[in-house]
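Here's the structure, in structure tokens; my notes come after.
Just so you know, all these numbers are worked out from the coordinates, no wet-lab data involved. The shown structure was predicted, so the numbers you read here are calculated from the model rather than taken from an experiment. Quick reminder, even Gly has a Cβ in these numbers, built from the backbone with ideal geometry, and neighbours come from all protein chains shown.
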Amino acid sequence: MKQRITILGVVLVLMLVLGACQPAGTGGTADTGGTEGTEATGGGELHLYNWTTYMDPAIIEAFEKEYGATVTEDFFGDNDELHAKIAPGNPGYDLVVPSDYMVEIMVAEGLLENLDHSKVPNLSNLDSLFADPAYDPGLAHCAPYQWGTTGMGYNSEAVGRELDSWEVMFNHEFAGRIAWQSDPRGTLAIVLMYLGHDPNTTNADEVAEARDLLLETKADVVEFAEDTGQELLKSGDADIVFEYSGDIYQIATEEGGEKFKYVIPKEGGIIWTDNICIPTGAPNPDLAHKFIDFLLRPDIGAQLSNYIGYNTPNAASLPDIDPAVRDFPGLYPTDEQKQVLHSIQGLGDAEELYSDAWTEIGIGQ
């Protein structure tokens, strides 16, 4: 599963990662559901820069067959690496897949082309939740690719009841049995929500209040984990964790995993969106637009999410999503739950408030 990272890592990028791209092979077969509204373009090369394990190879094969094109997929491990590859000048990519806040950063730096909506008619298939994101108003540069939430995963047998509030992370009831992520912005955002504050606040007093609450309860925490909360649940080293929805889904659907639950607590959770975008200087932007539109077909959108296990932003794809995925509690939030979901935003110089708070908490020291 794709690893998530902190915004601070982007802000503090000090080195540019150079080097040759490593081509990846494709394979498999796919049912494209027909070619309605499209025609073969007679060839072309498309270069995609994506997260690892974040594409069904059969989708690439289907696109190549329909359009007579050749797709090369190269991989990055996190948003830092993506940014470092593109920032000095596009080395030849037609499509990249940055996370929400990284889109905002790349737009500000002039690293992304405008998205021509007339060439992507399947944008109309998107859920309204993704039609006008704060990080890219009006989808001016990108189309949503996949999304998910971060909330609370827990062992229902160990805690003895259903949970619906972040209070259990702070009231000492489960001291020594809880785990946060080692993500300063993500973890502090949850603490700020619990305290009734904006998770993207630039108010120094509010950030300090969140810092102090984590300091007061730090002894209760078994680990500030690097996106491994699900493994802590499985091993019994923790009973309550702050973790990604898809990661909890994976262990809950394994044999004997019915005791693992995922919930978006009433105080709120985090929603994130990865996006597919055309970087400035793309060699083949026309074919890139066709690939984006291809991914937004109802059947292809469902195939992608069913393969990689994250959520589709494509409302038209939902009927074809595996019911086991679609109906897992908390994975696809209800309208009520959507009201308490917040995205992490880039804060410029105010990021220092969070990095300083994290240093004072002493995580990893």
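Points worth noting:
- Cβ-Cβ FRET estimate between E231 and K338, R0 fixed at 25 Å, reported to 0.05: 0.30
- Rounded if a/c under 1.5, otherwise prolate or oblate - segment 221-291, Cα gyration tensor axes: prolate
- Within the shell of other residues whose beta carbon sits under 13 angstrom from the beta carbon of G176, the net charge comes to -3, with Lys and Arg scored +1 and Asp and Glu -1.
- Only Lys, Arg (+1) and Asp, Glu (-1) charged, at Cβ; the chain dipole about Cα centre in debye: 320 debye
- 14 Å beta-carbon shell around L123, net charge (K/R +1, D/E -1): -2
- The slack in the chain from K259 to H117, taken as 0.36 nm per residue of separation less the alpha-carbon distance, amounts to 46.7 nm.
- Value at 222 nm in deg cm²/dmol, rounded to 500, when DSSP H runs of n ≥ 4 in the chain each add -39,500 (n - 2.57): -9000 deg cm²/dmol
- Average 1/r across all pairs of distinct alpha carbons in the chain, invert it, and you get the Kirkwood radius: 21.3 Å.
- Take every pair of alpha-carbon atoms less than 8 Å apart whose residues are at least six positions apart; their mean separation over the length of the chain yields a relative contact order of 25 percent.
- Label zone of A134 (point 7 Å out along Cα→Cβ, amide N under 17 Å): in segment 146-177 this covers 148-150.
- Three-way shape label, segment 161-297, alpha-carbon gyration tensor, a/c 1.5: oblate
- Cα gyration tensor, segment 283-365 - rounded (a/c under 1.5), prolate or oblate: oblate
- Kirkwood hydrodynamic radius of segment 84-129, from the reciprocal of the average inverse Cα-Cα distance over all distinct pairs: 12.5 Å.
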